[in-house]
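The values are calculated or read from the model by the stated rules, or taken from the named source; none is laboratory data. Worth saying up front: this structure is predicted, and the values here are computed from it rather than measured. Using ideal geometry, Cβ is built from the backbone for each residue, glycine included, and neighbour counts are taken over all protein chains shown.
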Amino acid sequence: MKLTSAVIPAVVAFIFAYGWYKKVDIFEEFLAGALENIKVSFDILPALIILMTCIGMLTSSGSVSLLTGLLAPAADVLGFPPECLPLTLLRPLSGSGALAMYESIITDCSPDSFAGRVASVIMGSTETTFYTVAVYYGAAKVKNIRHTLVCAVAADITGFIISCAAVRLFL
């Protein structure tokens, strides 16, 4: 048996042993935690529904293709691969949409191409900003998100620009 296979059972056994030692009703604590997390899930559900609806509308309406077409000349001037533009539009919104777009870039251009490498760096250096803000701020019931959103979008844009520069510099 590999050591990595024994880590999770060992952690679970330690938790049970520690709970038994401290005379804590582990089952009751588990149920209380599960109930609290179900309440949090219901609290963030409206924000997730709105976000997923917006993503669906953007992709099926052709807006992503339209924006990609509009941004392609600027990307060409900057040396940014036009194949990665849809990824830059979807990444802040949806992890699964970005992953599908990434897979398409890798399939069409190859992983070792400039576009494939830039897409890989983008996937590793940017965040699903709007999804993350919706989930965490929704769970914490924070209403004023403007400073966070501005900083997070600025970080994503920086990640998009630097990804291209890093691939040119290092690869």
Odd one out for S110 among (1) in contact with a helix residue (DSSP H, G or I) (Cβ under 6 Å, 6 or more places away or on another chain); (2) among the polar types (S, T, N, Q); (3) within 29 Å of A140 (Cβ to Cβ): (3)
Filtered residues of the stretch 141-163 (kept if within 15 Å of A47 (Cβ to Cβ) and either surrounded by 11 or more Cβ atoms within 10 Å (Cβ to Cβ) or touching a residue at least 40 places away in the same chain (Cβ under 8 Å) (or both)): K141, V142, I145, T148, L149
Options L66, L58: the member that is loosely packed, with under 13 Cβ neighbours inside 10 Å, part of a helix (DSSP H, G or I) and under 29 Å from the mean Cα position of the chain (by Cα): L66
Selected residue (criterion: modelled with the lowest pLDDT) from residues of the stretch 94-124 that are buried (at least 21 other Cβ atoms within 10 Å of the Cβ) and touching a Phe, Trp or Tyr at 6+ places or on another chain (Cβ under 7 Å): S94
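Which residue out of D43, D25 is within 30 Å of Y137 (Cβ to Cβ) and either at pLDDT 90 or above or of a type in the set (D, E, K, R) (or both)? Even if it seems obvious, please write down each step before you answer.
Details: D25 fails: within 30 Å of Y137 (Cβ to Cβ).
Result: D43 is the single residue among D43, D25 that is within 30 Å of Y137 (Cβ to Cβ) and either at pLDDT 90 or above or of a type in the set (D, E, K, R) (or both).
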Tally of residues being under 30 Å from V40 (Cα atoms) and part of a loop (DSSP other than H, G, I, E, B) across the stretch 99-135: 3
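May I ask you to list the residues in the stretch 76-93 that are buried (at least 18 other Cβ atoms within 10 Å of the Cβ) and either in a helix (DSSP H, G or I) or of a type in the set (G, A, S) (or both)?
Let us first name the residues in the stretch 76-93 that are buried (at least 18 other Cβ atoms within 10 Å of the Cβ), namely 80-81, 83-93.
Hits for the stretch 76-93 are E83, C84, L85, P86, L87, T88, L89, L90.
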Pairs with Cβ under 8 Å, 6+ apart, first in the stretch 27-50 and in contact (Cβ under 8 Å) with a residue 24 or more places away in the chain, second outside any helix (DSSP H, G or I): D43/K141
